[in-house]
Amino acid sequence: MELMKKIPFSFEDKTYEIRIYLGDNTINVVAFYRNYPVNGFRHHIKIAGRHDPEKVLNTAVLDEIVDISKDDIVKKRWDKVMSAVQ
């Protein structure tokens, strides 16, 4: 997978990166902190083989997926998942 973009994001005195990767007709959006994934969430868009996924990289839809990744951190969704499985 090729790293296409890094989007810095601050919350509770920490600076995160939302990273956008492209590979195999899939766009993956993953949140990182200090070069490690923040949580178990991976948001992705799967594009049919004959279409060009790079066309999605500068769309409002991808911006919404990035916002969802940020919300995962702000709303502490991973903490809620971990609480449920303990």
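Cross-link partners of Lys6 among lysines, defined as those whose alpha carbon lies under 23 angstrom from its own and excluding same-chain residues fewer than eight positions apart: Lys14, Lys46, Lys55, Lys70, Lys75, Lys76.
Explain nothing, just the number: relative contact order of the chain, from Cα pairs under 8 Å at least 6 residues apart, as a whole percent. Computed over the chain, the figure is 22 percent. Evaluated at q = 0.27 Å⁻¹, a Debye calculation over the C-alpha positions of the range 1-71 (equal weights, vacuum) places log10 I(q)/I(0) at -1.31. Close amide H partners of His43, meaning residues 5 or more places away or on another chain with modelled amide H under 5 Å apart, are Val29. Along the range 51-64 the Karplus relation, 6.51 cos²θ - 1.76 cosθ + 1.60 evaluated at θ = phi - 60°, assigns HN-Hα couplings of 9, 9, x, 4, 5, 7, 4, 10, 10, 5, 4, 5, 4, 5 Hz to successive residues, with x for each Gly and Pro. Computed from phi, the 3J(HN,Hα) profile of the range 10-27 under the Karplus parametrisation 6.51, -1.76, 1.60 (θ = phi - 60°) reads 10, 7, 6, 6, 10, 9, 9, 10, 9, 10, 10, 10, 10, x, 6, 6, 10, 9 Hz, with x in place of Gly and Pro. Each Cα pair under 8 Å and six or more residues apart adds its sequence gap; the mean of these over the residue count of the range 1-44 is a relative contact order of 29 percent. In order along the range 37-47, the Karplus-derived 3J(HN,Hα) couplings, from 6.51 cos²θ - 1.76 cosθ + 1.60 at θ = phi - 60°, round to x, 6, 8, x, 7, 9, 9, 9, 10, 9, 9 Hz, and Gly and Pro are given as x.
Since every read-out is calculated from the coordinates, none of them should be taken as a lab result. All values reported here derive from a predicted model rather than from experimental measurement.
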